[in-house]
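Below you'll find the structure, written out as structure tokens, and then a few comments.
The values are calculated or read from the model by the stated rules, or taken from the named source; none is laboratory data. Every value quoted in this text rests on a predicted model; they were computed, and no experiment measured them. When the accessible area is computed, the model is the full protein with side chains, heavy atoms only, and any ligands, DNA or RNA have been set aside. Shrake-Rupley method; radii C 1.70, N 1.55, O 1.52, S 1.80 Å.
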Amino acid sequence: MASKHIRADVNFAFPTAEIAVMGPDGAVNIVSRAEIAKAADPVAMRAALIADYRDRFANPYKAAELGFVDEVIYPRTLRQRLHRALEMLKDKRDTNPPKKHTNIPL
């Protein structure tokens with residue numbers, strides 16, 4: 001639900017997580033529409049493209065490789081990892097840069 005881009009401190013994902021802007025079904029329908037239409041068996045082609053999209057883009061390992069996820073964890077280790085992360089962050093003090101301008105009276 002959060003990401004490094006919006007200043008989340010720790011991001012975990014399960015191995016079954018699907019991390020992408022769009023789901024594989026919708027993305028393949030848009031990106032590969034012409035290729036599916038030209039195929040001799042469009043249903044099989046679409047299934048193959050969806051599987052390829054899932055392997056290449058919509059998996060947590062690719063997101064971890066790109067730095068969007070800190071770690072891919074198994075559900076059985078969730079409590080332990082959350083505890084460690086919260087312990088690490090318990091004394092954190094976030095500081096924002098000073099404001100340069102104030103609101104102008106209207």
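Relative contact order of the chain: what whole-number percent is it, with Cα pairs under 8 angstrom and at least 6 residues apart?
Working: 77 pairs, mean separation 37.6, N = 106.
Once normalised by length, the contact order is 35 percent.
State the label only: which of [x] 18, 17, 12; [y] 39, 24, 8; [z] 37, 18, 8 corresponds to semi-axes √(5λ) of the Cα gyration tensor in Å computed from the shown model?
[y]
Provide the per residue accessible area, probe 1.4 Å, for the chain, rounded to a whole number of square angstrom.
For the chain, the per-residue accessible area is 83 Å².
Please list 3J(HN,Hα) in residue order for the stretch 46-59, calculated via the Karplus relation 6.51 cos²θ - 1.76 cosθ + 1.60 where θ = phi - 60°; whole Hz, with x for glycine and proline.
After applying 6.51 cos²θ - 1.76 cosθ + 1.60, I find 4, 4, 5, 5, 5, 4, 5, 4, 4, 5, 8, 10, 9, 10 Hz.
Just to verify a number: what accessible area does residue 21 come out at with the full protein assembly present, 1.4 Å probe, Å² rounded to tens?
Estimated to the nearest 10 Å², residue 21 gives 150 Å².
Taking H placed 1.01 Å from N in the peptide plane, check which residues at least 5 places from residue 71 or on another chain put their amide H under 5 Å from its amide H.
Here 11, 13 satisfy the definition.
Considering only protein heavy atoms and a 1.4 Å probe, what is the carbon-and-sulfur percentage of the accessible area of the chain? Please report the intermediate quantities before stating the final value.
Details: 5050 of 8770 Å².
That share works out to 58 percent.
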